[in-house]
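Everything below concerns the one structure shown next.
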Amino acid sequence: MSKLSETIARHGHEPLLDHVLITAAQLQTRIAEMGAQISKDYHGKDLLMISVLKGGVVFLTDLMRQVTIPHHIDFMAVTSYGVGVRSTRGHPRITLDLNTDVKGRHLLLVEDIIDSGHTIDHVLRLLAARNPATLKVAALLDKPSRREVYVPIAYLGFEIPNEFVFGYGLDLDEYCRNLPFIGTVKKEYQ
Amino acid sequence: MNLSNVLFSAEQIQARVAELGAQISRDYGDSNPLLVGILRGGVVFLSDLMRAISVPCELDFMSVSSYESGSRTSNRSPRILLDLREDIAGRHVLLIEDIVDSGYTFDHLLQLLATREPASLKVCALLNKASRREVHVPIDYLGFEIPDYFVCGYGIDADERFRNLPYIAWVR
């Protein structure tokens, strides 16, 4: 058990929270705006919103409730071969594929955070090969300073600095996904 | 397809989810429960419930499918499409589901997870259709009891539609 997870297991997230970067209210306001925009842009189209487990699920469930047009949702799970999902360069393995055929449909990949961009780049290439009508990305957080491969983001929640963030689906050693806000980790725990 | 009456408003659901979250937080304390969401219907409930839980917890997902259409009435074992990432031996596992109907799928899932020797294995369901039950499923945390109506919203679909409604409605 790392120092980080040991601390959280015993004392919760407070000891390692440096500061709240985005409050729950700020998240909900921005997501409502994104949902309104997506509803406008995809009006009359067969929209399929796709979430990659696990981190993106909280964002998806809030975003979909702000999308007022009929749409479908589906999920993918990918695992990288190496350790450290956020930074890996290896091709990810698909451990859960989509339940539905995407050919000719309008796909919106809903992601919690775009970091190096490698994993989402692979997922986008894979989806593009299945001939959707359109394929776009909605990301809650963007860390452009970490980007190693170009990712086109059509809908963005917040651009954030290169800080170690957690909460709202993002984990710290699998903990803290359940926090309703985005926080940053104190230096001594990084 | 028409939506009829609202069965539970968004406010009613959020208030009940907050109560469930508080109860789960009290019951589990610092035992670090693993919340397991079942795709796809259960994710909205899971997403709100986890944010109402104030104790450290972890999250994982499973996806299961029955061999034939009409999973809720099938008594055959479901196929696992996505298994847990986490090893649950010795862990306190809380299975989160949107609706318990005949109970077959859930019963099979519970039996399967029990073979992995978790420290405890409990069930939290948003909705319970007790009148439809064909096999006993112990529900430890329940949102609402409902009659045998076809419902949708709050993650629950009617032919893949209406999952995004923040409330639960009857389908006519």
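The values are calculated or read from the model by the stated rules, or taken from the named source; none is laboratory data. Computed from a predicted structure; not experimentally measured. Note that each Cβ is placed from the backbone with ideal geometry, even for glycine, and that neighbours are counted across all protein chains shown.
Looking only at segment A:136-165, count every residue that is more than 29 Å from residue B:34 (Cα to Cα) and either among the hydroxyl-bearing types (Ser, Thr, Tyr) or crowded, with 23+ Cβ neighbours inside 10 Å (or both) and tell me the total.
Residues in segment A:136-165 being more than 29 Å from residue B:34 (Cα to Cα) and either among the hydroxyl-bearing types (Ser, Thr, Tyr) or crowded, with 23+ Cβ neighbours inside 10 Å (or both): 3 in total.
Only one residue in A:134, A:119 is over 27 Å from residue B:48 (Cβ atoms), more than 14 Å from chain B (Cβ to nearest Cβ) and of a type in the set (Val, Ile, Thr), so which one is that?
Sole residue among the options that is over 27 Å from residue B:48 (Cβ atoms), more than 14 Å from chain B (Cβ to nearest Cβ) and of a type in the set (Val, Ile, Thr): A:134.
Mind telling me which of the residues A:95, A:100, A:79, A:184 ends up being modelled with pLDDT under 95, among the polar types (S, T, N, Q) and within 17 Å of the chain's Cα centre (by Cα)?
None of the others qualify; the one that does is A:79.
Pull up segment A:4-24, narrow it to residues that are charged (D, E, K, R) and loosely packed, with under 14 Cβ neighbours inside 10 Å, then point me to the one that is farthest from residue B:33 (Cα to Cα).
Once the filter is applied, the top-ranked residue is A:14.
Taking segment B:47-79 as the search range and keeping residues that are among the hydroxyl-bearing types (Ser, Thr, Tyr) and at pLDDT 75 or above, which one is nearest to residue B:109 (Cα to Cα)?
My answer is B:77.
Would you please name the residue that is surrounded by the fewest Cβ atoms within 10 Å (Cβ to Cβ), looking only at residues in segment A:52-65 that are more than 8 Å from chain B (Cβ to nearest Cβ) and of a type outside the set (A, V, I, L, M)?
Taking the candidates together, the pick is A:55.
I'd like the full set of residues that are in a strand (DSSP E or B) and of a type in the set (S, T, N, Q), limited to segment B:2-28.
B:4, B:5 - these are the residues of segment B:2-28 that are in a strand (DSSP E or B) and of a type in the set (S, T, N, Q).
Out of all the residues in segment A:166-190, which are buried (at least 21 other Cβ atoms within 10 Å of the Cβ) and either on the phi < 0 side of the Ramachandran plot or assigned to a strand (DSSP E or B) (or both)?
A:166, A:167, A:170, A:172, A:175, A:177, A:178, A:179, A:182, A:183
When segment A:117-146 is examined, which residues are found to be part of a loop (DSSP other than H, G, I, E, B) and farther than 27 Å from residue A:5 by Cα?
A:129, A:130, A:131, A:132, A:133
Which is among the β-branched types (Val, Ile, Thr), in contact (Cβ under 8 Å) with a residue 24 or more places away in the chain, buried (at least 21 other Cβ atoms within 10 Å of the Cβ) and facing chain B (nearest Cβ under 10 Å), of A:38, A:73?
A:73
Residue B:170 versus (1) touching a residue at least 40 places away in the same chain (Cβ under 8 Å); (2) within 12 Å of another protein chain (Cβ to nearest Cβ); (3) farther than 26 Å from residue B:28 by Cβ: which is the lone unmet condition?
Going through the list (1) touching a residue at least 40 places away in the same chain (Cβ under 8 Å); (2) within 12 Å of another protein chain (Cβ to nearest Cβ); (3) farther than 26 Å from residue B:28 by Cβ, residue B:170 breaks only (2).
Can you give me the number of residues within segment B:112-165 that are part of a loop (DSSP other than H, G, I, E, B), more than 14 Å from the chain's Cα centre (by Cα) and farther than 21 Å from residue A:74 by Cβ?
The total comes to 14.
So, in segment A:1-48, of the ones that are of a type in the set (Asp, Glu) and outside any loop (DSSP other than H, G, I, E, B), which residue ends up modelled with the lowest pLDDT?
So, considering only residues that are of a type in the set (Asp, Glu) and outside any loop (DSSP other than H, G, I, E, B), the one modelled with the lowest pLDDT is A:6.
Quick check: anything in segment A:93-112 crowded, with 22+ Cβ neighbours inside 10 Å, among the aliphatic types (A, V, I, L, M) and within 25 Å of residue B:57 (Cα to Cα)?
Yes, segment A:93-112 has at least one match.
In this structure, is residue A:112 within 13 Å of the chain's Cα centre (by Cα) and either more than 19 Å from residue A:49 (Cβ to Cβ) or among the β-branched types (Val, Ile, Thr) (or both)?
In short, no.
Of all residues being within 14 Å of another protein chain (Cβ to nearest Cβ) and out of contact with any Pro (no Cβ under 8 Å at 6 or more places or on another chain) in segment B:141-161, which is nearest to residue B:19 (Cα to Cα)? Just the residue, please.
Filtering first and then ranking leaves B:155.
Residue A:178 is checked against (1) under 22 Å from residue B:21 (Cβ atoms); (2) under 13 Å from the mean Cα position of the chain (by Cα) and fails just one. What number does that condition carry?
(2) is the only condition that residue A:178 fails.
Only one residue in B:159, B:148, B:98 is closer than 26 Å to residue B:8 by Cβ and touching a Leu at 6+ places or on another chain (Cβ under 7 Å). Which one?
Just a single option satisfies the conditions, and that option is B:98.
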